[in-house]
1. Looking at (1) closer than 13 Å to ILE68 by Cα; (2) of a type outside the set (A, V, I, L, M); (3) within 57 Å of the chain's Cα centre (by Cα), find the lone condition where LYS42 falls short.
2. So is TYR201 without any contact (Cβ under 8 Å) to a residue 12 or more places away in the chain, surrounded by 10 or more Cβ atoms within 10 Å (Cβ to Cβ) and within 30 Å of VAL166 (Cα to Cα) or not?
3. It is to be established whether one or more residues within the stretch 171-193 are touching a Lys or Arg at 6+ places or on another chain (Cβ under 7 Å), closer than 26 Å to LEU304 by Cα and modelled with pLDDT of 85 or more.
4. Does the stretch 25-64 hold any residues that are surrounded by 14 or more Cβ atoms within 10 Å (Cβ to Cβ), over 20 Å from ARG76 (Cα atoms) and among the β-branched types (Val, Ile, Thr), and which are they?
5. Does the stretch 2-39 hold any residues that are touching a residue at least 24 places away in the same chain (Cβ under 8 Å), over 54 Å from the mean Cα position of the chain (by Cα) and over 19 Å from VAL59 (Cβ atoms), and which are they?
6. Taking the stretch 303-319 as the search range and keeping residues that are surrounded by 10 or more Cβ atoms within 10 Å (Cβ to Cβ) and more than 30 Å from GLU179 (Cβ to Cβ), which one is nearest to the chain's Cα centre (by Cα)?
7. In this structure, does ALA200 turn out to be in contact with a helix residue (DSSP H, G or I) (Cβ under 7 Å, 6 or more places away or on another chain), of a type in the set (Gly, Ala, Ser) and part of a helix (DSSP H, G or I)?
Amino acid sequence: MFEEMSYRHYSPRSIKTYIGLVSIVSKYFGKSPDLISIAELKHYLFTRIEQDKLSASSVNQTISGFKILFKDVLGREWDPVKIKRPRRPKILPTVFSKEEISQILNSIRNRKHYCLIALAYGSGLRLGEVISLKPSDIDSDGMQWIHANKKFFVPIKALSAIFRGVFMERLIGAIQSKELKIPKSQDVLYGDIKSIKSKAYEKPWNVYVKKTFKGANQVVSYLGRYTHRVAISNSRILATDGHTVRFQWKDYRDNKSKTLTLDCAEFVRRFMQHILPSGFYKIRYYGIMASTNSATKMDECFRLLKKTRLISFYQGLSTYEVLREIFGDEMFKCPCCKSGKMVFGIREEKGEAP
């Protein structure tokens, strides 16, 4: 039996276990194991389960040992129907939730320890495997560089964690060196560094990476396409016959320009969907830039920064006055007579409603 299992490359531990279990059964009956029948083996296992509460694992190992002896060594018939293996009770392991894992990892302040534990957890290594790791276990020769997608730059989750760490390190350093002073009117205990860390680390950080603009003009040009244009430009309207409108549109699924013909009512309906309802604005100011805060908190911000708040030269002027300041009186001269001035207003015909 030893030679057969060695020939089949069983581990030394498995060989020792199977031979030991077969020997125990042989001593129980007081005869050679090759003289034990399947019925006697079933009786032995039943007795051990009832009297000694033999585990399902030990029962399965005993059956496997006799299967090797009967079938592979002695060449006897082995009918698995006559002796069935017991079912192992399925017990779900106790696992941590994502939030609990995050709390454990975020509580580690030493970066070296954090990397070791995060690597062990992410690789699915058990405690015994982690303890027995050696530098020689790293197969440096087998490493290879896997090229990422052209659109891929950096893992967002990893970048978020790094950005949070660097940001918090600079923030705490600025507070400790008194380079940054938090107003005393804040409700949260910003003076307490532990309070700052706990509140910052308990929330997920999202980092978005995008190519930078080449200047302020590009920012204005980019935002202007969304804030200062109508639903469709005149150049995209190709033809109209009073009943239908044919225009050009871009299909972003294949990134190609296509044409579409709609009746006038449907075209107007789609156009109207781009007109904001009353009370809505394309540009909204948020936070300290909001209209409710601009007169109070903005002044406080400039005071803390020791900066002078600039006021627009055209503040308080009407549209007419602003245009006159920029373009002069020439803009309002009559294009026909070159002497009269144009006046903005609503002209009412006699007998007609304005």
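The values are calculated or read from the model by the stated rules, or taken from the named source; none is laboratory data. Remember, predicted model here, so these are calculated numbers, not experimental data. Here the Cβ is made from the backbone with ideal geometry for all residues, glycine too, and neighbour counts use every protein chain on show.
1. Of (1) closer than 13 Å to ILE68 by Cα; (2) of a type outside the set (A, V, I, L, M); (3) within 57 Å of the chain's Cα centre (by Cα), only one is false for LYS42: (1).
2. Working: without any contact (Cβ under 8 Å) to a residue 12 or more places away in the chain: no; surrounded by 10 or more Cβ atoms within 10 Å (Cβ to Cβ): yes; within 30 Å of VAL166 (Cα to Cα): yes.
No: the conditions fail for TYR201.
3. Scanning the stretch 171-193, I find no residue that is touching a Lys or Arg at 6+ places or on another chain (Cβ under 7 Å), closer than 26 Å to LEU304 by Cα and modelled with pLDDT of 85 or more, so the answer is no.
4. Correct list: ILE49, VAL59.
5. Correct list: ASP34 only.
6. Here the residue is TYR314.
7. Yes, satisfied.
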